[in-house]
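Everything below concerns the one structure shown next.
The values are calculated or read from the model by the stated rules, or taken from the named source; none is laboratory data. Everything numeric here is computed off the predicted structure, so don't read it as measured data. Positions of Cβ are backbone-derived with ideal geometry, glycine not excepted, and every protein chain shown enters the neighbour counts.
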């Protein structure tokens, strides 16, 4: 029985490229990003009515871009290690938590100077922002999780969480091009919430989808 | 150290296999089987010993389909250990088996190799063909796998006394067949 299995497996052996896992992740990100970037003009602009470059020219636009891409990159650092059975790399998650706390601290300082004015916190889009970020990130998250089904994560939940952080970060960056908000507090609360929810969604899906 | 030599040999085979060397791959899988079988068997209670073979196959299959997750710069044995452990935990959960082996028994996979046992087991199998199938199975379960007579009898739908008689007769007939030249 086992001998037959060994015969069959060695007969169908195909060479595996070096760094195959990393290449697959990058390919999935490239494909998924195309979908996420298309969500901008199609869903955000046409359906939701957000013109491209709403916060154009504000320094906060670059702040949002750096913040979201930074969080996405922390997810990218975690995903390859978490896709293996013998590695456990969760420091990027702690780092992401620290980055979010720093942004919140800076946001609260700015909000205090603005005398706790409600618009600084809520802007005009606070209640849709997290949901639109999840929506924008969804194509990237789905393509990435699908590619990761071939991996062997020690913890499917953690691997899904990493994929969600990656997709949430990059998805929020794509969303920032269609978002007119320019307050630090707004970003620290609502962008972080959108990214965190995407990460939790990834963990939830990963828990079932990435089992092996 | 022996462990280092095992790691070096296994890793070389795995790297060759990743480059498409089917002969090295076959040798790797065959060698791993010899280590994995006793490793799983130790972790299963005697009544679940028959699951060890399934687990070996599941592990080899996972090694095959997930081989891209092996990072060539890291030790192979620890990767394989992680795969085997994952398969064991998954199996135990799926079959709702309560592991009875103490958890502190964390001897590495590569500590015991059962090639000698395999030869013994083949001899035992050959000898047991000399008695009726049910008797052979009862002997295997009670004398080799450590199942209680009551449990083995229940599996065959017989009373404990009948099972005892059957085992006794079987062993007696084997003694008369094989003990002659030995003693």
For this session: Could you please let me know if residue B:69 is within 9 Å of another protein chain (Cβ to nearest Cβ), under 13 Å from residue A:3 (Cα atoms) and either in contact with a strand residue (DSSP E or B) (Cβ under 8 Å, 6 or more places away or on another chain) or surrounded by 18 or more Cβ atoms within 10 Å (Cβ to Cβ) (or both)?
Result: no
Problem set entry | Matching residues in the stretch B:139-162 - criterion: being part of a loop (DSSP other than H, G, I, E, B) and either modelled with pLDDT of 80 or more or more than 20 Å from residue B:128 (Cβ to Cβ) (or both) | B:156, B:157, B:158, B:159
For this session: Of the numbered conditions (1) within 14 Å of chain B (Cβ to nearest Cβ); (2) within 19 Å of residue A:92 (Cα to Cα); (3) not in a loop (DSSP other than H, G, I, E, B), residue A:163 fails exactly one; give the number of that condition.
Result: (1)
Exercise. Tell me, which residue of the stretch A:12-23 that is assigned to a helix (DSSP H, G or I) and within 7 Å of chain B (Cβ to nearest Cβ) is farthest from the chain's Cα centre (by Cα)?
Worked result: A:20
Exercise. Can you tell me which residue in the stretch B:1-24 is farthest from the other protein chains (Cβ to nearest Cβ), limited to those that are surrounded by fewer than 17 Cβ atoms within 10 Å (Cβ to Cβ) and not in a helix (DSSP H, G or I)?
Worked result: B:1
For this session: Check the stretch A:24-35 and report whether any residue there is at the interface with chain B (Cβ under 8 Å from one of its Cβ atoms), more than 24 Å from residue B:57 (Cα to Cα) and outside any loop (DSSP other than H, G, I, E, B).
Result: yes
Seminar exercise, completed: Scanning the stretch B:78-101 residue by residue, those modelled with pLDDT under 90 and either over 20 Å from residue B:47 (Cα atoms) or not in a helix (DSSP H, G or I) (or both) turn out to be B:95, B:96, B:97, B:98, B:99, B:100, B:101
Exercise. Residue A:23 versus (1) under 30 Å from residue A:53 (Cβ atoms); (2) out of contact with any helix residue (DSSP H, G or I) (no Cβ under 9 Å at 6 or more places or on another chain): which is the lone unmet condition?
Worked result: (1)
Problem set entry | Which numbered condition residue A:136 misses (of (1) in contact with a helix residue (DSSP H, G or I) (Cβ under 7 Å, 6 or more places away or on another chain); (2) under 20 Å from residue A:196 (Cβ atoms); (3) not in a helix (DSSP H, G or I)) | (3)
Exercise. For residue A:92, are the conditions met, namely being modelled with pLDDT of 85 or more, farther than 30 Å from residue B:19 by Cα and surrounded by 14 or more Cβ atoms within 10 Å (Cβ to Cβ)?
Worked result: yes
Exercise. Has the stretch A:124-147 got any residue that is within 27 Å of residue A:40 (Cα to Cα), touching a residue at least 24 places away in the same chain (Cβ under 8 Å) and within 14 Å of chain B (Cβ to nearest Cβ)?
Worked result: yes
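Here is a yes/no grid of residues against (1) surrounded by fewer than 21 Cβ atoms within 10 Å (Cβ to Cβ); (2) touching a strand residue (DSSP E or B) at 6+ places or on another chain (Cβ under 8 Å); (3) at pLDDT below 95:
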| site | (1), (2), (3) |
| --- | --- |
| A:127 | yes, no, yes |
| A:137 | no, no, no |
| A:145 | no, no, no |
| A:149 | yes, no, no |
| A:163 | no, no, no |
| A:183 | no, no, yes |
| A:198 | no, no, no |
| A:202 | no, no, no |
| A:206 | no, no, no |
Exercise. (1) over 30 Å from residue B:138 (Cβ atoms); (2) surrounded by fewer than 19 Cβ atoms within 10 Å (Cβ to Cβ): which one isn't true of residue B:46, the others all being true?
Worked result: (1)
Problem set entry | Unique match (being modelled with pLDDT under 90 and either farther than 24 Å from residue A:191 by Cα or at the interface with chain B (Cβ under 9 Å from one of its Cβ atoms) (or both)) among A:87, A:55, A:81 | A:87
For this session: Among the residues of the stretch B:25-60, write down those that are closer than 26 Å to residue B:145 by Cα and facing chain A (nearest Cβ under 7 Å).
Result: B:29, B:30, B:33, B:53, B:56, B:57, B:60
Exercise. Restricting the search to the stretch B:72-84, which residues are at the interface with chain A (Cβ under 8 Å from one of its Cβ atoms) and surrounded by 17 or more Cβ atoms within 10 Å (Cβ to Cβ)?
Worked result: B:79, B:81, B:82, B:83
